[in-house]
Amino acid sequence: MQAYIAQPTDGGTYPGLMLFQEAFGVNGHIKDLAERFAKEGYVVIAPEFYHRSAPAGFSASYTDFPSVAPHMQALTVPGMEADIHACWNWLQQNKLVQKDKIACTGYCMGGRASFLANTILPFKAAVSYYGVRIAPELVTRAASLHAPMLFCWGGLDKHIPQEQIDAVTNELKKENKPYASIVFSYADHGFFCDAKAAYNPEAAKEAWALTLAFLKTKLTS
C-alpha cells in the first residue's frame, strides 16, 4: 500500500495523524491537507485505500465519478481495517511520533473511515467530515468507539440527510460516547474542499479552527 507522508521538519516528536481520502483518491486536496496538518505539528499518513484495485498514486477528477466507482465498489470494511492497522503500525514505529497521541480525520468516504478506525484502535481523537454511510452501516459499532469524535456536517448536504445525522448522534448518546456534532446550515457536501464547486470558504475556515482545537485539546488532556 502506498501512502502520502507529511511531517514537521524542525526536530522533536509529534502526535500522529491518519488522514483518510475522499472517493477521488489521495489527490492534490488530500496532499495539501496533509502538509497543512504537518505545519500544525503532526506526523501525517494518508493511505491509498484503493491499492487493491487501482495503480499506485491513483486519483481522479472531481467531475469523473465513473472512474472511481469501481474502486469504491471493490473497497471492503475488512480491507479498510487492515489498511488502518498498517498505518497504526507505521506511526508506532516512527521515531518522530509520540506513540500515545494518535488521531485520525477523514472527508466523505474518509469521514466514514475515521469512524471505523475509532472503533478498532485506541485513538485519542477522531474527526469525521460529512462521513457517508456511517448510518446505517457502521453506527451499530458506536459502543466500540475509543476516542471522542468531532463530526462536521453540511446542512445543505443531500447525500447525508438530517435523519442519518440524528441516527449517528442518537447512537452515541445511547452508548454514552463523547462527541461534538456541528452542522453548518449554509454548507453543502464537500464544503471543505477548495477544488469543488461546493467549497464554502466561511464554513471551511470555521471547521478548520474547530478541528485544530479539538485535536489539540484531546491529544494534550
(Q) Give me the dipole magnitude in Debye, nearest 20, for the chain about the Cα centre, with unit charges on the beta carbon: positive for Lys and Arg, negative for Asp and Glu. (A) 560 debye
Q. From the phi of every residue in segment 126-139, what ³J(HN,Hα) in whole Hz does the Karplus formula 6.51 cos²θ - 1.76 cosθ + 1.60 yield, where θ is phi - 60° and glycine or proline is x?
A. 9, 10, 10, 9, 5, x, 7, 6, 5, 10, x, 6, 10, 4
**Q.** Ranked 83, 194, 32, criterion: other C-beta atoms within 10 Å, fewest first
**A.** 194, 32, 83
Q | Spin-label pair residue 174/residue 69, simplified geometry with 7 Å Cα→Cβ offset, distance in nm | A | 3.3 nm
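For 183, 44, 68, 168, what's the fewest-to-most ordering of other Cβ within 10 Å of each Cβ? Spell out each step's value before the answer.
Working: 183 15, 44 27, 68 21, 168 24.
Fewest to most other Cβ atoms nearby, the residues stand as 183, 68, 168, 44.
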Q. Which residue fluctuates the most in the chain, going by a Gaussian network model with Cα springs under 10 Å, if the choices are 15, 201, 148?
A. 201
Q) What list of ³J(HN,Hα) values in whole Hz, one per residue of segment 13-20 in order, does the Karplus curve 6.51 cos²θ - 1.76 cosθ + 1.60 (θ = phi - 60°) give from phi, with Gly and Pro shown as x? A) 10, 9, x, x, 9, 8, 10, 9
**Q.** Highest-MSF residue in the chain out of 179, 50, 42 [GNM, Cα springs under 10 Å]
**A.** 179
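Would you mind checking 39/177; 99/196; 39/196; 99/174; 173/218 for any pair whose Cα atoms are more than 26 angstrom apart?
Working: 39/177 30 Å; 99/196 35 Å; 39/196 23 Å; 99/174 31 Å; 173/218 19 Å.
Too far apart for the 26 Å limit: 39/177; 99/196; 99/174.
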Q) Taking θ as phi - 60°, what are the ³J(HN,Hα) couplings along segment 86-92 by the Karplus curve (6.51, -1.76, 1.60), each to the nearest whole Hz, with x for Gly and Pro? A) 4, 5, 4, 5, 4, 5, 5
Q: State which stretch of the chain is the longest one without any exposed trypsin sites (Lys or Arg not before Pro), exposure meaning a DSSP loop state and at most 13 other Cβ atoms within 10 Å.
A: 1-94
Q: Counting only C-alpha contacts under 8 Å and six or more residues apart, can you give the relative contact order of segment 3-220 as a whole percent?
A: 17 percent
Q | residue 76 versus residue 167: modelled label distance in nm, points set 7 Å from Cα along the beta carbon direction | A | 2.3 nm
**Q.** Ranked 61, 114, criterion: other C-beta atoms within 10 Å, fewest first
**A.** 61, 114
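Quick note: the coordinates plus some simple rules give every number you see, no bench work behind them. Everything numeric here is computed off the predicted structure, so don't read it as measured data. Glycine gets a Cβ as well: all are built from the backbone with ideal geometry, and neighbour counts include every protein chain shown.
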